[in-house]
Amino acid sequence: MVEPDWLQAPEQGQIIMGLFQKLFPGRTAAKQAMSYFQTLNMYTPSFTDWRGAIYESEQVRSAIDALARHSSKLAFTMSGAAKPALQTKLKHAPNEFQTWSQFLYQARTIYEVDTTLFIVPVFDRFGDVTGVYPVTPVNASVKEVNGVVYLVYQFDAGQTAAIELSQCALLTKFQYRREFFGSGNDALKNTMDLIAIQNQGIKEGIKNSASFRFMAEHKLMTDPEDLEKEQNRFTEKHLSGKSGFLLFPNHYTNVRQIESKPFVVDAEQQKLINTNVYNYFGVNEDVMQNKVTGDGWSAFYEGAIEPFSIQLSECLTKMLFSLTERSYGAAVMFTSNRMQYMSNVDKLNVSAQMADRGIMNRDEIREIWNLPPIPDGSGQTYIIRGEYYDASEKVNDGGGSENGTE
């Protein structure tokens, strides 16, 4: 990697060892790039995250958690013979800090919250790629220096780093005017406001229901100071917890309790709010409550999990392998065994039909039932029931016919 002159390593006394240095060794941006990379519509390519604002909502977090949990179960595989050392390292973990399930969970969460997912390579001290890591910059921009396009990141702690665009992966959703980044979750703002107002209304309703308030007319006192003294005396004696009774002397008339009835949306309106969240993230109540199976889970997988797995597979393939390596079959793939989510009746039917016809071996059938492969390797053999045969071949069916027909 050739670094432009505006990328300088920090002085020795300024180096703070940690995760940031492991991810961006020698890639700290000492000063701003000299020019911006202009796109076709002259829209300055830049990204600013929401700082996790929508993730603080219970409904939204639950929806994103459902997507992240199911995405974390995707299986990582690599094909081709390129970069065998890297394949060996990535087979076990994406980096030294995470497992694949942790990586996928965090990656999907960032993807949904920010609509842009940044994945950068992890380098060793020799400059070789040893892993991949998802990062969450507060803002990023695309800049060009000497004909090379860079992504420049800024993080919460103030660090700034840059990396060639070709060496990192960008996953996006809701991509419209921003050629490199997603458009953000501003479309969810109205629903977020409704959720916030509803939660505040419930909170205030609970507070008000735990208190007693009364109003009454006082016949005798007209002096404001005397009235204030009487109010303080009554509050101290009857509302401070020292007395179990409220006693109203006869100079109080028209005594009545003030009933507070805070506004809370009804069930239909609450259902509409939840539906807005479900529609926005492509989930439903069954998915969020882990009740989805069979065809329902297959539909959820194809609509919400598979598009993410395809984009992640393509972006990491392009990031880790050159065009020549990809032309020889080098690729990254994230897959899922959807048949594990069938009902037990459907699993049994698939197992019997696929095994009898030699379409699946015993280890593949055992995987559907979440069972490990047979240790001695015999599970890799295929079995076909005896009454199945190639109709083009002549066989003796025991009735004197040579081709199984009468």
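The values are calculated or read from the model by the stated rules, or taken from the named source; none is laboratory data. As the structure is a prediction and not an experimental result, all values here were calculated from the model. Counting neighbours? That spans all protein chains shown, and the Cβs are built from the backbone with ideal geometry, glycine included.
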### Message
Looking at the structure I just gave you, is Ser141 closer than 30 Å to Phe97 by Cα, touching a strand residue (DSSP E or B) at 6+ places or on another chain (Cβ under 8 Å) and exposed (fewer than 14 other Cβ atoms within 10 Å of the Cβ)?
### Response
no
### Query
What strands (runs of 3 or more DSSP E) completely inside the stretch 66-141 contain at least 2 residues that are modelled with pLDDT of 90 or more and of a type in the set (Ser, Thr, Tyr)?
75-79, 129-135
### Query
What about Thr99, is it over 24 Å from Ser322 (Cβ atoms) and surrounded by fewer than 17 Cβ atoms within 10 Å (Cβ to Cβ)?
yes
### Message
Among the numbered criteria (1) touching a residue at least 60 places away in the same chain (Cβ under 8 Å); (2) on the phi > 0 side of the Ramachandran plot, which one does Gly377 miss?
### Response
(1)
### Task
List the number of the failed condition for Arg177; all other conditions in (1) within 26 Å of Arg61 (Cα to Cα); (2) surrounded by fewer than 20 Cβ atoms within 10 Å (Cβ to Cβ); (3) not hydrophobic (A, V, I, L, M, F, W, C) hold.
(1)
### Query
Does the stretch 281-300 include one or more residues that are over 28 Å from Lys91 (Cα atoms) and of a type in the set (Phe, Trp, Tyr)?
yes
### Message
So for the stretch 223-233 (the condition being at pLDDT below 85, assigned by TED's automatic domain parsing to the domain that holds Val129, more than 22 Å from the chain's Cα centre (by Cα) and of a type in the set (D, E, K, R)), does at least one residue qualify?
### Response
no
### Query
What residue, of Thr293, Thr335, is farther than 24 Å from Ile384 by Cα, of a type in the set (Val, Ile, Thr) and surrounded by 14 or more Cβ atoms within 10 Å (Cβ to Cβ)?
Thr293
#### Entry: Boolean, Asn337 is closer than 20 Å to Gly294 by Cα and touching a helix residue (DSSP H, G or I) at 6+ places or on another chain (Cβ under 7 Å)
yes
### Query
On the given criteria, is Tyr150 over 24 Å from the mean Cα position of the chain (by Cα) and farther than 22 Å from Thr88 by Cα?
yes
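Here's the yes/no breakdown for (1) under 21 Å from Ser378 (Cβ atoms); (2) without any contact (Cβ under 8 Å) to a residue 60 or more places away in the chain:
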{"site": "Met319", "(1), (2)": "no, no"}
{"site": "Thr324", "(1), (2)": "no, yes"}
{"site": "Thr335", "(1), (2)": "no, no"}
{"site": "Met342", "(1), (2)": "no, yes"}
{"site": "Asp346", "(1), (2)": "no, yes"}
{"site": "Met354", "(1), (2)": "yes, yes"}
### Looking only at the stretch 118-156, and only at residues there that are without any contact (Cβ under 8 Å) to a residue 60 or more places away in the chain and hydrophobic (A, V, I, L, M, F, W, C), the one that is farthest from Tyr55 (Cα to Cα)
Phe126
### Query
Looking at the stretch 144-174, which of the residues that are of a type in the set (A, V, I, L, M, F, W, C) and more than 21 Å from Ser322 (Cβ to Cβ) is surrounded by the fewest Cβ atoms within 10 Å (Cβ to Cβ)?
Ala157
